[in-house]
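Encoded as structure tokens, the structure appears first; notes follow it.
The values are calculated or read from the model by the stated rules, or taken from the named source; none is laboratory data. Because the structure is predicted, anything quoted here is derived from the model rather than measured. Note that each Cβ is placed from the backbone with ideal geometry, even for glycine, and that neighbours are counted across all protein chains shown.
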Amino acid sequence: MNVAQFITGLLLIILSAGFYFASRSRKSTAGTLSKAQTLNLQQSPQGRLYGKFQGSIVANQSLTTPYSTRPAVTWSAHLERGTEKPDDDGSTTEWDTVWSQSASVPFRLKGAGELWFDERGGLPTLDAPSTFDQNIHDATNPIIAPYVTASRGLLSRLNKPNFHAVETSFALGGQAFFVGPVEAVNGFWVARRGEGKEYSVLTWKSEQQVRSRMSRAATIWWLLSLVAFAAGVLAILVSLS
């Protein structure tokens, strides 16, 4: 018996189980989204509800995003620095986050009623659209200037800086879709983070897009599970022959 092949087969079968449960989780989330009730928050705030809500983003104040300098109610941004590391195939770029930050102000969705997002409920998972995504190699760019090591002459020309700046944000007036728990707090409906297995997210995508993404991910994980299981069984059979 080839012990190495046998162990590889077992590991592949275990991996296939992980893929299978990941697929089940995505299917469960898609099912939860489909069954969630459409919330009408024009009723008097009372108790706790779980459901979905579509609306336009409004706020009494706004922030300015760090890279695109757009008005927003919430943003998240980070800057990565790439360093070339030699290896057997030449070189590999290793990325290190040198700056990361996020910020938000209280805001709300206006649709069939009004839903608040602030510290009273804790912000749910935020899936905001990309507002800035650039690879930067110019050392004079103010975004990367504080993180560029000073060098002169030929060395500076050969070693161009390699940075990647990313920003996402929700803008005033934009459409957004929320699914998750809401609760009455001091006469207002307030979004809360999901508890336990509750799915909770505020996203710029439509309900149909979210459900489609979940179903597609479930299918991919299921196919990976089948491939890994078949490969594991084959490896075990070969090891025993």
Going by what's in this entry, would GLN37 be described as touching a Lys or Arg at 6+ places or on another chain (Cβ under 8 Å) and closer than 26 Å to GLN209 by Cβ?
yes
Give the residues of segment 32-61 that are surrounded by 14 or more Cβ atoms within 10 Å (Cβ to Cβ) and modelled with pLDDT under 90, sorted by residue number.
THR32, LEU33, ALA36, PRO45
Can TRP99 be described as within 21 Å of the chain's Cα centre (by Cα) and surrounded by 13 or more Cβ atoms within 10 Å (Cβ to Cβ)?
yes
Do we have GLU80 as more than 30 Å from GLU207 (Cβ to Cβ), of a type in the set (D, E, K, R) and modelled with pLDDT of 95 or more here?
yes
Have a look at LYS110, LYS197, LYS160 and point out the one that is basic (Lys, Arg), touching a Ser or Thr at 6+ places or on another chain (Cβ under 9 Å) and farther than 15 Å from GLY51 by Cα.
LYS110
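Within segment 65-81, can you find the residues that are touching a residue at least 60 places away in the same chain (Cβ under 8 Å) and part of a loop (DSSP other than H, G, I, E, B)?
Those that are touching a residue at least 60 places away in the same chain (Cβ under 8 Å) and part of a loop (DSSP other than H, G, I, E, B): THR65, PRO66, TYR67, SER68, ARG70, VAL73.
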If you check GLN101 against the conditions, is it closer than 25 Å to ALA145 by Cα and either at pLDDT 95 or above or in a strand (DSSP E or B) (or both)?
yes
Pairing a residue in segment 44-60 that is touching a residue at least 60 places away in the same chain (Cβ under 8 Å) with any residue that is of a type in the set (D, E, K, R) and surrounded by 19 or more Cβ atoms within 10 Å (Cβ to Cβ), where Cβ atoms lie under 9 Å and the two sit 6 or more apart in sequence or on different chains, gives ARG48/ARG192; GLY55/ARG108; ILE57/ARG108; VAL58/ARG108; ALA59/ARG108
Unmet criterion (only one of (1) at pLDDT below 90; (2) more than 30 Å from GLY187 (Cβ to Cβ)) for SER68
(1)
For segment 125-141, give me each residue that is surrounded by 15 or more Cβ atoms within 10 Å (Cβ to Cβ) and over 20 Å from THR65 (Cβ atoms).
ALA139
Among residues of segment 185-196 being more than 22 Å from THR32 (Cα to Cα) and touching a strand residue (DSSP E or B) at 6+ places or on another chain (Cβ under 9 Å), the residue surrounded by the fewest Cβ atoms within 10 Å (Cβ to Cβ) is VAL185
Conditions: (1) over 21 Å from the mean Cα position of the chain (by Cα); (2) under 19 Å from SER206 (Cα atoms). SER62 meets all but one. Number of the miss?
(2)
How many residues does segment 17-31 hold that are surrounded by 17 or more Cβ atoms within 10 Å (Cβ to Cβ) and polar (S, T, N, Q)?
2
Here the qualifying pairs (Cβ atoms under 6 Å; residues six or more apart or on different chains; first in segment 227-241 and closer than 15 Å to ASN2 by Cβ; second among the hydroxyl-bearing types (Ser, Thr, Tyr)) come out as ALA235/THR8
